[in-house]
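J.: Got a structure for you, written out below as structure tokens; questions coming shortly.
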Amino acid sequence: SRRCGRSRPRKRAPEPGRNKATVKGRVVKSAIEEYHKKKPVNHLRENLQYMLKGRRVADKAVTEQVLAQNRGRKSKDQPPEKTEKKKPEGTVFTEEDFRKFEREYFGIP
């Protein structure tokens, strides 16, 4: 069952590389160092400093214009109209008037 006198190709000899199954030459990583490396960093202080640095307040007219541009045309997008609150009107009757009314209405002397 030979094919045309050709011999089978031999399996290559394993190359002299590192054997993956052994521990030789491997650097042991410190678990604590790995944990510190992957620990999330809290940027709150830096961010607060950055936010507090730019304390420029925009002009009122400019802010109103920007808000007007971003407003939609639907009624739900319109700001509620500010109605001036009416002050409760004081009574015109004095205490004496009430007493007089009481006497006339209820008949109390």
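J.: Do we have T22 as assigned to a loop (DSSP other than H, G, I, E, B), open to solvent by 100 Å² or more (accessible area, probe 1.4 Å), free of Cβ contacts under 8 Å to residues at least 40 places away in the same chain and among the hydroxyl-bearing types (S, T, Y) here?
T.: no
J.: Follow-up question, since we're still on this one. Is it true that N42 is farther than 30 Å from P79 by Cβ and modelled with pLDDT of 90 or more?
T.: yes
J.: Right, something else. Here's a check for you: in segment 45-75, which residue that is of a type in the set (K, R) and part of a helix (DSSP H, G or I) is modelled with the lowest pLDDT?
T.: The residue in question is K53.
The values are calculated or read from the model by the stated rules, or taken from the named source; none is laboratory data. No experiment lies behind these values; they were computed from the predicted model shown. Every residue, glycine among them, receives a Cβ derived from its backbone with ideal geometry; neighbour counts consider all protein chains shown. Keep in mind that these areas ignore ligands, DNA and RNA; they rest on the heavy atoms of the full protein, side chains included. Shrake-Rupley method; radii C 1.70, N 1.55, O 1.52, S 1.80 Å.
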